[in-house]
């Protein structure tokens with residue numbers, strides 16, 4: 001996405017706290033109506049970047065544009081944004097209606113108009129009739145919805161969300177993810193969402209920026225990040241990945257090849273081999289891309305190994321397979337299709353064959 005097409009444009013932004021550089025030359029563009037996530041481990045700079053969008057932190061250099069307007073000299077309360085925090089910040093002395101309508105106090109609206117706006121928000125967050133409830137009568141999920149309604153009632157152009165689901169338990173968090181995504185589609189405004197949870201980012205986002213050390217490693221769709229990571233750090237952070245040292249050996253008319261530790265010489269689609277023969281590379285394969293069998297497959301490339309560990313996880317089983325020529329075991333994830341789950345021969349120490357499709361192989365630069 002070009003800067004001219006972007007609703008939010010972050011251009012060459014740096015942020016220092018003393019001698020520490022929290023944001024390092026970050027540039028990215030976010031589209032209007034997009035659900036965009038900033039994903040990374042603690043300390044990667046994602047919350048600092050979100051706070052600069054809100055105006056709570058200034059940029060040390062670079063510029064942020066929202067709807068074509070530079071934001072450097074615009075204070076937080078004049079920016080076309082609103083923010084939802086992990087703590088919800090619900091006022092305990094106010095009821096639900098007064099919490100939601102708090103930001104309308106300075107607007108010249110009649111009491112009837114304010115009440116109508118609050119009722120509209122209660123319908124939007126699926127809590128009609130809750131206006132008179134006290135804050136201490138709300139569940140965690142309800143508090144989160146109230147915080148969202150309070151931010152949306154001011155009709156911002158951009159909603160900023162700083163790990164807003166982090167305080168919820170797993171089941172409620174998953175439910176709120178679906179509700180949050182549906183809400184964003186309904187209101188149609190741009191959401192910028194900060195999370196350290198890769199699964200949450202994949203579930204919610206149109207696109208994701210993976211951050212580390214104050215830098216953006218890759219911006220892509222969820223499937224793009226998962227299937228075609230650009231480097232080992234992104235591949236490791238998004239899901240699980242097996243890595244193998246390899247060397248480009250030859251390029252054919254339709255298929256190339258890489259010599260690897262443990263897997264032998266494996267076929268690789270030619271478009272992945274952009275480097276000349278003899279170049280060291282990393283071969284990456286997701287655990288679920290492997291097929292596991294106690295019989296050698298009739299077709300395709302396969303290697304034999306022994307199960308060192310196995311775990312039943314309900315919908316799928318995880319296996320760790322030792323193969324000759326590789327020090328670390330290979331992680332394999334296999335779905336449990338049948339009621340009688342698990343292969344009776346797939347126990348620790350048993351021999352199994354691993355196979356995979358050449359299309360599932362990802363080639364990365366060597367370390």
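The values are calculated or read from the model by the stated rules, or taken from the named source; none is laboratory data. In this text, all values refer to a predicted model and were calculated from it rather than measured experimentally. Reconstructed Cβ throughout: ideal geometry from the backbone, glycine too, with neighbour counts over all protein chains shown.
Between 246, 256, 278, which is crowded, with 21+ Cβ neighbours inside 10 Å and more than 31 Å from the chain's Cα centre (by Cα)? Explain how you work it out, then say what you get.
Values: 246 fails: more than 31 Å from the chain's Cα centre (by Cα); 278 fails: crowded, with 21+ Cβ neighbours inside 10 Å.
Only one candidate qualifies: 256.
Scan the range 18-37 and tell me whether some residue there is surrounded by 14 or more Cβ atoms within 10 Å (Cβ to Cβ), over 27 Å from residue 238 (Cβ atoms) and out of contact with any helix residue (DSSP H, G or I) (no Cβ under 9 Å at 6 or more places or on another chain).
no
Could you list, in sequence order, all residues of the range 299-324 that are part of a loop (DSSP other than H, G, I, E, B), modelled with pLDDT of 85 or more and surrounded by fewer than 15 Cβ atoms within 10 Å (Cβ to Cβ)?
Residue satisfying the conditions is 324 alone.
Return the pair list, or none, for Cβ contacts closer than 7 Å from residues in the range 134-146 that are assigned by TED's automatic domain parsing to the domain that holds residue 173 to residues that are crowded, with 19+ Cβ neighbours inside 10 Å and assigned to a helix (DSSP H, G or I), at least 6 apart or on different chains.
From residues that are assigned by TED's automatic domain parsing to the domain that holds residue 173, the pairs are 135/99; 138/146; 141/176; 144/176; 146/96; 146/99; 146/100.
Please go through the range 182-195 and give me each residue that is farther than 14 Å from residue 81 by Cα and in contact with a strand residue (DSSP E or B) (Cβ under 7 Å, 6 or more places away or on another chain), ordered by number.
The answer is 184, 194, 195.
Hey, does the range 219-241 have a residue that's buried (at least 21 other Cβ atoms within 10 Å of the Cβ), modelled with pLDDT of 95 or more, part of a loop (DSSP other than H, G, I, E, B) and in contact with a strand residue (DSSP E or B) (Cβ under 6 Å, 6 or more places away or on another chain)?
yes
Being surrounded by fewer than 17 Cβ atoms within 10 Å (Cβ to Cβ), under 22 Å from residue 38 (Cβ atoms) and in contact with a helix residue (DSSP H, G or I) (Cβ under 8 Å, 6 or more places away or on another chain): is that true of residue 91 here?
no
Would you call residue 18 assigned by TED's automatic domain parsing to the domain that holds residue 209, free of Cβ contacts under 8 Å to residues at least 24 places away in the same chain and farther than 15 Å from residue 209 by Cα?
Values: assigned by TED's automatic domain parsing to the domain that holds residue 209: yes; free of Cβ contacts under 8 Å to residues at least 24 places away in the same chain: yes; farther than 15 Å from residue 209 by Cα: yes.
The answer is yes for residue 18.
Hey, among 57, 63, which residue is in contact (Cβ under 8 Å) with a residue 40 or more places away in the chain, surrounded by fewer than 15 Cβ atoms within 10 Å (Cβ to Cβ) and within 27 Å of the chain's Cα centre (by Cα)? Walk me through it before giving the result.
Values: 57 fails: surrounded by fewer than 15 Cβ atoms within 10 Å (Cβ to Cβ).
Just one listed residue meets the conditions, 63.
Can you list residue pairs whose Cβ atoms sit under 8 Å apart, with the first residue in the range 223-234 being assigned by TED's automatic domain parsing to the domain that holds residue 36 and the second being surrounded by fewer than 16 Cβ atoms within 10 Å (Cβ to Cβ) and in a loop (DSSP other than H, G, I, E, B)? Count only pairs 6 or more apart in sequence or on different chains.
232/367
Against the conditions (1) at pLDDT 90 or above; (2) assigned to a strand (DSSP E or B); (3) over 21 Å from residue 360 (Cα atoms), where does residue 278 fall short? Just the number, please.
Among (1) at pLDDT 90 or above; (2) assigned to a strand (DSSP E or B); (3) over 21 Å from residue 360 (Cα atoms), the lone unmet condition for residue 278 is (2).
Only one of (1) over 16 Å from the mean Cα position of the chain (by Cα); (2) within 24 Å of residue 182 (Cα to Cα); (3) not in a strand (DSSP E or B) fails for residue 52. Which number is that?
Every listed condition holds for residue 52 apart from (2).
Can you tell me which residue is surrounded by the most Cβ atoms within 10 Å (Cβ to Cβ) among those in the range 168-196 that are in a loop (DSSP other than H, G, I, E, B) and touching a residue at least 60 places away in the same chain (Cβ under 8 Å)? So that I can check it myself, show each step before the final result.
Taking the range 168-196 and keeping what is in a loop (DSSP other than H, G, I, E, B), we get 168-169, 188-189, 196.
Now drop any that are not touching a residue at least 60 places away in the same chain (Cβ under 8 Å), which leaves 188-189, 196.
On the way: 188: 8, 189: 20, 196: 18.
Checked the range 168-196; the qualifying residue surrounded by the most Cβ atoms within 10 Å (Cβ to Cβ) is 189.
Which residue is farthest from residue 156 (Cα to Cα), if the candidates are limited to the range 176-194 and must be modelled with pLDDT of 95 or more and either outside the structural domain of residue 39 (by TED's automatic domain parsing) or in contact with a helix residue (DSSP H, G or I) (Cβ under 6 Å, 6 or more places away or on another chain) (or both)?
194
Select from the range 21-49 the residues that are in a loop (DSSP other than H, G, I, E, B), farther than 27 Å from residue 187 by Cα, out of contact with any strand residue (DSSP E or B) (no Cβ under 6 Å at 6 or more places or on another chain) and in contact (Cβ under 8 Å) with a residue 24 or more places away in the chain and list them in ascending order.
41, 42
Take residue 154 and tell me if it is closer than 27 Å to residue 47 by Cα and part of a helix (DSSP H, G or I).
no
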